[in-house]
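J.: Structure in structure tokens, see below.
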Amino acid sequence: MPDDRIAQVCNGLDMLHEDNSIPRNIRRGAEEVKVSLLNELDPLDVRVASATSRLDELANDPNIPLHGRTLIWNIMSRLEELA
């Protein structure tokens, strides 16, 4: 079951990464979050906590458009289901 939720989170991160209306640093951050979330060398709770923290930083970026911030919040709520 966690694998399905991780896949949903990764799909959201891919949407964020591929949206050209979102600033490059935020798209790059979304890709970094995805890579760290899929790194199975770390325990799941550590990966979720670091992903949530990084996404919170990205959501607070003043340059992010509203739809990007909403997408990040949706991804974060999916991550909270994993914790």
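Any read-out appearing in this document is the output of simple, stated calculations on the displayed coordinates, not a laboratory observation. None of the values given here were measured: they were computed from a predicted structure. Note that each Cβ is placed from the backbone with ideal geometry, even for glycine, and that neighbours are counted across all protein chains shown.
J.: On the given criteria, is Arg54 free of Cβ contacts under 8 Å to residues at least 24 places away in the same chain, part of a helix (DSSP H, G or I) and basic (Lys, Arg)?
T.: no
J.: Restricting attention to region 15-54, report how many residues are within 9 Å of the chain's Cα centre (by Cα) and farther than 12 Å from Glu80 by Cα.
T.: Going through region 15-54 one residue at a time, the tally reaches 9.
J.: Shifting gears a bit: Name the residues in region 2-17 that are in contact with a helix residue (DSSP H, G or I) (Cβ under 8 Å, 6 or more places away or on another chain) and not aliphatic (A, V, I, L, M), would you?
T.: Within region 2-17, Pro2, Arg5, Gln8, Cys10, Gly12, Asp14, His17 meet the criteria.
J.: Do we have any residue at all in region 57-68 that's in contact with a helix residue (DSSP H, G or I) (Cβ under 9 Å, 6 or more places away or on another chain), part of a helix (DSSP H, G or I) and touching a residue at least 40 places away in the same chain (Cβ under 8 Å)?
T.: Yes: one or more hits.
J.: Next question. Restricting region 1-43 to residues that are outside any helix (DSSP H, G or I) and in contact (Cβ under 8 Å) with a residue 40 or more places away in the chain, which is surrounded by the most Cβ atoms within 10 Å (Cβ to Cβ)?
T.: Ile22
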